[in-house]
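Okay, so here's the structure we're looking at.
The values are calculated or read from the model by the stated rules, or taken from the named source; none is laboratory data. The model shown is predicted, which means the values in this text are computed figures rather than measured ones. Glycine also receives a Cβ, built like all others from the backbone with ideal geometry; neighbour counts cover every protein chain displayed.
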Amino acid sequence: MREMPGQAVPVNGRHVYVEESGQGQDWVVFEAGQGCGRTCWDPVLPPLAGRARLVAYDRAGRVLSGRAPRQLGVDDMAADLVAMTEAVVPGEFVLVAHSMGGLVARLAAERLGSRLRGLLLVDALPETSPVYDTWDQTTKKIDRMMAVVQTLTRFQPLARLFTGNVRRLFSADTYQSMLAEDFTPAGTSQTRKEIQAVAAAVPRFRAQPPRLPKCPTIVLSAARAAKGRERQHAAIREHQRRYAGSLPDGRHEEVDSGHFIQAEQPHLVAERIRELL
């Protein structure tokens, strides 16, 4: 498996597991998507290693961070992100967030203020998307499915079977770490909690969206949709475009990729980070 030194950083009465790599005077912080940890950013780190200090972490509740004392909401995750950067990052930084991590990053941006040098949202879903119109029902269906997966992931051959799409996207050592940490009963349980946290957060985001980030922001959309979901993905991209257009300094870009843009197009993601730096 991959080997990189890390540390448990105390935040708000709990811990997050943090890995630092790279070198330089600039800093980049990575926020993972739902069900993922720091390892999902592995493909992007080598192209940036000589350009900046890179900070990837696991949210509280994930395996190496340790069990969270209670169910955490998106607000808690944002507070942990802010506290972690205050402990680890000495000054300004670029924040990169994937998927659900975009909700966390946008809330955190309110408190980060001038420390936030730039924001890169990697296929993050705005709360305005019609996908969220029936999210309560969708969450219940997903949770029932994940309850079955949680039991079956006790057996690694079955975990490998369920995660073949991820195995094809990441290197063998990264995938092995994901298999040992994320695709386990404990990892799946935490993913279910994060899904529930998003379901609880979306109505609040719709009623009172976070303040728009004032820093330069790039919104990347995955242009390649799964078969049968073309219309849904077209609607998502349109709302991502609208969100970028609403920002004081925003830009939208469609990328020839599936949802894990950082795995399929790591050099493009790295280049956009360099632009923000």
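Observations
- Residue tally, condition among the aliphatic types (A, V, I, L, M), closer than 19 Å to HIS267 by Cα and touching a Lys or Arg at 6+ places or on another chain (Cβ under 8 Å), over the stretch 1-54: 3
- Any hit, the stretch 157-180, residues being touching a Gly at 6+ places or on another chain (Cβ under 7 Å) and basic (Lys, Arg): no
- Filter result for ALA223 (over 20 Å from LEU247 (Cα atoms) and touching a strand residue (DSSP E or B) at 6+ places or on another chain (Cβ under 8 Å)): yes
- When residues of the stretch 134-157 are limited to those that are in contact (Cβ under 8 Å) with a residue 60 or more places away in the chain and crowded, with 16+ Cβ neighbours inside 10 Å, the one farthest from GLN208 (Cα to Cα): THR139
- Annotation note: of VAL219, VAL202, the sole residue that is touching a His at 6+ places or on another chain (Cβ under 8 Å) and within 16 Å of GLY101 (Cα to Cα) is VAL219.
- Unmet criterion (only one of (1) without any contact (Cβ under 8 Å) to a residue 40 or more places away in the chain; (2) assigned to a helix (DSSP H, G or I); (3) touching a helix residue (DSSP H, G or I) at 6+ places or on another chain (Cβ under 7 Å); (4) not aromatic (Phe, Trp, Tyr)) for LEU212: (2)
- Meets criteria (among the aromatic types (Phe, Trp, Tyr) and out of contact with any Lys or Arg (no Cβ under 6 Å at 6 or more places or on another chain)) for TYR57: no
- Any hit, the stretch 60-72, residues being on the phi < 0 side of the Ramachandran plot, modelled with pLDDT of 95 or more and either part of a strand (DSSP E or B) or among the aromatic types (Phe, Trp, Tyr) (or both): no
- Flag for ARG160 being free of Cβ contacts under 8 Å to residues at least 60 places away in the same chain, within 21 Å of ARG62 (Cβ to Cβ) and in a helix (DSSP H, G or I): yes
- Considered as a group, the residues in the stretch 258-274 that are touching a residue at least 40 places away in the same chain (Cβ under 8 Å) and either under 18 Å from ALA109 (Cβ atoms) or of a type in the set (S, T, N, Q) (or both) include one that is surrounded by the fewest Cβ atoms within 10 Å (Cβ to Cβ), and that residue is ARG272.
- So SER221, is it at negative phi and not in a helix (DSSP H, G or I): yes
- Only one entry in VAL96, VAL55, VAL131 is buried (at least 17 other Cβ atoms within 10 Å of the Cβ) and part of a helix (DSSP H, G or I), namely VAL131.
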